[in-house]
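Trainee: First the structure, then my questions, so here it is.
The values are calculated or read from the model by the stated rules, or taken from the named source; none is laboratory data. The structure displayed is predicted, hence computed values, not measured ones. Neighbour counts run over all protein chains shown; Cβ positions are idealised from the backbone, glycine included.
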Amino acid sequence: MTRSDSAVLTLHEPPPPPVSVLHLINSNTPPHPAEASVISSYVGELESHLASVQDAIQTLLARSDDLRRRHKRYKAILSPIRRLPPEILGLIFSEAVHASVSNTYAFGNVPSSEAALSVTRHAPWLLTHVCHHWAAVALATPALWSMLRLDLDFIGNDKPGVTLLVDRHLQRAQNAPLTMKLTQENELDNESHPVFDVALPSAAQWRIADLYLQPQLLQQLTRVESGFRSLSTLLISIDLAPWPGEEDTSTFRETLRDLFIVTPELKCVRALAWDLTGFICPPYTLPWHQLTRLSTTTASNVEALALLRQLSSIVECNIAFSHDHVLSPNHGDCVHLPHLQTLALQIEDDDEVVIYKKHTSILDFIETPRLTRLALYSTADEEAVLGLVTRSNCARSLTSLELHSDSIDPDRALLLMERLSRLTSLGLGDLTGQLISPRGVSLEDIVRGLSEQWMKIRDSTQILNVLLTDRVLSRRDARNLTSRLASLDADWDGIFSFKVSSSPVYPDIIMHPILTEDSHFA
């Protein structure tokens, strides 16, 4: 121990005040010259003593800071994390990294503003620079290196060292199942990309793949000879509109047809495709019969119905198409979908609002006995929904219904509610502004009818959340109506929650997050 470590800090008592001037403390009498001289001398002594005390305080504060640093440093040695087995520490690292990546980069829908190179700016590389022990654990944990997101446009063709980093990252993953996100929107100067060429040999390990690539680069996936045998979740989007100078893309489509034919583990798919005409079927053959979750596009309702006939194991299904045709009875027998729980159907055209036409609804040709959630955007009316519920006998399982159309009939909506006693969420959206606006039925009439009907059929203390959308309403009117309805909550004893909106949730159902087999991306 040094002398400074063992030094004793001594503080002297302050000097006593001079007795000869004490009578001036509680008066306004000016001091005589002799008294003023005594007081000035005493003030100087106090200032000197105060300076000594301040110096002592600074010394003590410095000593306190030093002790705190030592305490923190040596207490850390006793931290339980130092005694964790490397395997447990590696699992903690993996969970933290997976949560960080999935929160920072939304799987399946990453804004272009987030075009950062995660391979160098984020974990797991960061963990290798904390201490030797952590670096050793990180390098010995393949699962920690099993997620990789690469924005090839951001990287470019001449980023020095990136190819080496990607190769090293994949080597550290060893044989771990990989989650791979590859994005590339700009046209390439060459047929391939050096970083993509490094990532491609790992395709046999891809368990989750999120791909948004231009056709010439997507075509390079055909070089994977062994197929995507580990792939369980696939998110892929492709623009098949011809590039300037191209006549058509038929040859390219034929090349991609069998791209994902060897995918024995594939269960969850979001496959979107479009060209100059609008939505189209993806150009690849997929194992439709084994899929449990699907979000995809087709050119028309006819193709969508044909696709549903192949989805014998489907649990969740979202389909968007650009054109609707009359579906006559000769389109085949009713499609039985015994496992389907969630169904969303959307039509999108160049027009802002698509007018629903009778006898074009896919609902007339399917049975869904286990259906729990149904979302429809200009693809059915109240009659078609009621027909599906009756045919499928799913009134007791259906808990969520969204019906957006060019014309919502409140009376028919009430008739539909008579059958749906288990609803907890109801959304009615009129895309032409006839539901709540002055030209249509009054809000009070709609709410009164819904509440009275619900009181008759509801189960026990079940709560119903209702969203009414009228496109003609302004945002201010929608907020005012919602506030007005909130004041009536006491009359409903808390069993209703009404909200009014002017903005329909249209037409983006196919971009909703897809549930995967991996809990990190749910």
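Trainee: Of the residues that make up region 473-482, is at least one in contact with a helix residue (DSSP H, G or I) (Cβ under 7 Å, 6 or more places away or on another chain) and at pLDDT below 75?
Mentor: no
Trainee: Return only the number of the condition from (1) surrounded by fewer than 16 Cβ atoms within 10 Å (Cβ to Cβ); (2) of a type in the set (D, E, K, R); (3) at pLDDT 90 or above; (4) closer than 23 Å to LEU291 by Cα that ASP210 does not satisfy.
Mentor: (1)
Trainee: Given the conditions (1) of a type in the set (Gly, Ala, Ser); (2) at pLDDT below 80; (3) part of a strand (DSSP E or B), and given that ALA271 satisfies all but one, which numbered condition is not satisfied?
Mentor: In the conditions (1) of a type in the set (Gly, Ala, Ser); (2) at pLDDT below 80; (3) part of a strand (DSSP E or B), ALA271 misses (2) alone.
Trainee: Same structure again: Run HIS339 past the list (1) surrounded by fewer than 16 Cβ atoms within 10 Å (Cβ to Cβ); (2) in contact (Cβ under 8 Å) with a residue 24 or more places away in the chain; (3) closer than 17 Å to CYS281 by Cβ; (4) under 31 Å from the mean Cα position of the chain (by Cα) and report the number of the one that doesn't hold.
Mentor: With (1) surrounded by fewer than 16 Cβ atoms within 10 Å (Cβ to Cβ); (2) in contact (Cβ under 8 Å) with a residue 24 or more places away in the chain; (3) closer than 17 Å to CYS281 by Cβ; (4) under 31 Å from the mean Cα position of the chain (by Cα) applied to HIS339, the lone miss is (3).
Trainee: Let me ask something additional. Do the conditions hold for ALA241, that is, is it touching a residue at least 24 places away in the same chain (Cβ under 8 Å), in a loop (DSSP other than H, G, I, E, B) and in contact with a Leu (Cβ under 6 Å, 6 or more places away or on another chain)? First the steps, then the outcome.
Mentor: On the way: touching a residue at least 24 places away in the same chain (Cβ under 8 Å): yes; in a loop (DSSP other than H, G, I, E, B): yes; in contact with a Leu (Cβ under 6 Å, 6 or more places away or on another chain): yes.
So ALA241 passes the test.
Trainee: Which residue pairs have Cβ atoms under 6 Å apart, sit 6 or more places apart or on different chains, and have a first residue in region 181-205 that is modelled with pLDDT under 90 and surrounded by 15 or more Cβ atoms within 10 Å (Cβ to Cβ) and a second that is assigned to a strand (DSSP E or B) and of a type in the set (Phe, Trp, Tyr)?
Mentor: Filtered contacts from region 181-205: THR183/TYR212.
Trainee: Please specify each residue of region 309-336 satisfying the condition of being farther than 22 Å from PRO287 by Cβ and among the acidic types (Asp, Glu).
Mentor: Going residue by residue through region 309-336, those that are farther than 22 Å from PRO287 by Cβ are 322-331, 333-334.
Result: ASP324, ASP333.
Trainee: A follow-up question, please. Looking only at region 290-323, how many residues end up being among the small types (Gly, Ala, Ser) and within 20 Å of the chain's Cα centre (by Cα)?
Mentor: Of the residues in region 290-323, the ones among the small types (Gly, Ala, Ser) are 295, 299-300, 304, 306, 312-313, 320, 322.
From the residues that got through so far, the ones that are within 20 Å of the chain's Cα centre (by Cα) too are 295.
Count: 1.
Each row is one residue, and each column tells you yes or no for (1) buried (at least 19 other Cβ atoms within 10 Å of the Cβ); (2) on the phi > 0 side of the Ramachandran plot; (3) of a type in the set (Asp, Glu).
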{"residue": "LEU305", "(1), (2), (3)": "yes, no, no"}
{"residue": "ILE319", "(1), (2), (3)": "yes, no, no"}
{"residue": "ASP324", "(1), (2), (3)": "yes, no, yes"}
{"residue": "ASP333", "(1), (2), (3)": "no, no, yes"}
{"residue": "ILE355", "(1), (2), (3)": "no, no, no"}
{"residue": "ASP381", "(1), (2), (3)": "yes, no, yes"}
{"residue": "GLY387", "(1), (2), (3)": "no, no, no"}
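Trainee: Quick test of your reading of the structure: VAL166 fulfils all but one of (1) within 28 Å of the chain's Cα centre (by Cα); (2) farther than 23 Å from VAL97 by Cβ; (3) at pLDDT 85 or above; (4) not polar (S, T, N, Q). Name the failing condition by number.
Mentor: VAL166 satisfies every listed condition except (2).
Trainee: Now for a different question. Contact list please: Cβ distance under 8 Å, first residue in region 220-234 and at positive phi and at pLDDT below 90, second residue part of a loop (DSSP other than H, G, I, E, B) and among the hydroxyl-bearing types (Ser, Thr, Tyr), pairs at least six apart or on different chains.
Mentor: GLY227/THR263
Trainee: Restricted to region 14-24, and to residues that are part of a loop (DSSP other than H, G, I, E, B) and modelled with pLDDT under 85, which residue is farthest from the chain's Cα centre (by Cα)?
Mentor: Looking at residues that are part of a loop (DSSP other than H, G, I, E, B) and modelled with pLDDT under 85, I get PRO15.
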